[in-house]
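Note sheet for the following structure.
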Amino acid sequence: TPGHIGLNVSNLEIAQKFYTSVFGLETSAISTEPGREYALLSQGGEIVLTLWRQSDGKFAGNVSGLHHLAFRAQSLTDVEAAQERVLAAGGRILHGGIVPHREGASSGGIFFEDPDGIRLEIFTPSGLEGRDAPVEGAPTCGFF
């Protein structure tokens with residue numbers, strides 16, 4: 001059964017705006033009480049992402065913990081639209097745009113960072129046939 005993902009963020013307002021605009025999530029609840037800042041973001045009435053203002057720095061990819069979060073889109077057209085939303089929201093796209101998951105793969109998508117540097121992916125299972133992978137001999141999502 002799907003649950004939700006909880007992320008520590010350094011600025012609740014910025015993170016909330018980013019995730020609602022990129023993923024089309026709705027804010028179900030919010031607290032701006034100092035020391036207890038959070039936002040519960042939902043889709044279809046179900047909470048899917050919680051943001052907690054409990055961080056003072058950027059995401060550190062060189063320590064144990066989260067590597068990246070991946071979200072599935074239905075089509076390449078959906079990934080292209082998501083790329084535009086990420087750019088409009090100030091996200092940093094990696095690998096130069098939409099790329100396959102590995103050499104010869106038809107699946108792939110965009111790999112990007114949120115305002116705190118948390119690594120994210122939006123992918124589709126097909127539609128990227130014939131495109132060059134940015135990482136040779138390894139999964140693209142492992143090295144960004």
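The values are calculated or read from the model by the stated rules, or taken from the named source; none is laboratory data. Bear in mind that the values here come from a model prediction, so they are computed numbers and not experimental data. Heads up, the Cβs are rebuilt from the backbone with ideal geometry, glycines too, and the neighbour counts pull from every protein chain shown. Surface accessibility is based on the protein's heavy atoms, side chains included, excluding ligands, DNA and RNA. Shrake-Rupley method; radii C 1.70, N 1.55, O 1.52, S 1.80 Å.
Some observations on this one:
- Most tightly packed first, judged by the mean number of other beta-carbon atoms within 10 Å of their residues, the peptides 73-80, 125-132 read 73-80, 125-132.
- Rounded FRET efficiency, nearest 0.05, which uses the C-beta distance separating SER106 from ASN8 and R0 of 41 Å: 0.75
- Within-13-Å neighbourhood charge of ARG85 [Cβ basis; K, R +1; D, E -1]: -3
- If you take the Cα centroid of the stretch 50-90 and the Cα centroid of the stretch 1-36, the two points sit 12 Å apart.
- Rounded percent of accessible protein surface that carbon and sulfur make up, the chain, 1.4 Å probe: 48 percent
- DSSP assigns beta bridges within the chain; of those with both partners inside it, close to 70 percent run antiparallel.
- Each Cα pair under 8 Å and six or more residues apart adds its separation to the average, and for the chain the resulting relative contact order is 21 percent.
- Length-normalised contact order of the stretch 26-101 in % [C-alpha pairs under 8 Å, at least 6 apart]: 15 percent
- If you take all other residues with their beta carbon under 13 Å from the beta carbon of ARG119, and give Lys and Arg +1 and Asp and Glu -1, the sum is -2.
- Nonlocal amide H pairs with SER28, under 5 Å, H built at 1.01 Å: LEU40, LEU41, SER42
- About the Cα centre, charge dipole magnitude for the stretch 89-144 (Lys/Arg +1, Asp/Glu -1 at Cβ), debye: 40 debye
- Diffusion constant of the stretch 82-142 at 20 °C, which comes from Stokes-Einstein with the Kirkwood Cα-pair radius and 1.002 mPa s, µm²/s: 184 µm²/s
- The label-point distance for THR32 and SER75, in a model that sets each label 7 Å from Cα toward Cβ, rounds to 4.0 nm.
- Inverse mean reciprocal Cα-Cα distance (Kirkwood Rh) of the stretch 1-47, Å: 11.2 Å
- Computed from backbone phi, the HN-Hα couplings of the stretch 43-59 come to 9, x, x, 9, 5, 10, 8, 10, 10, 10, 7, 9, 10, 10, x, 7, 4 Hz, rounded to whole numbers (Karplus: 6.51 cos²θ - 1.76 cosθ + 1.60, θ = phi - 60°; Gly and Pro given as x).
- The phi torsions of the stretch 88-101, fed into the Karplus equation with coefficients 6.51, -1.76 and 1.60 and a -60° offset, translate into couplings of 5, 8, x, x, 9, 7, 9, 6, x, x, 7, 9, x, 5 Hz, rounded to whole numbers, with Gly and Pro shown as x.
- Rounded to the nearest 20 debye, the dipole magnitude of the chain is 160 debye, with +1 charges on Lys and Arg beta carbons, -1 on Asp and Glu beta carbons, and the Cα centre as origin.
- Computed over the stretch 102-144, relative contact order equals 47 percent, with contacts defined as Cα pairs under 8 Å that lie 6+ residues apart.
- Computed over Cα pairs, the Kirkwood radius of the chain leads via Stokes-Einstein (1.567 mPa s, 4 °C) to a diffusion coefficient of 82 µm² per second.
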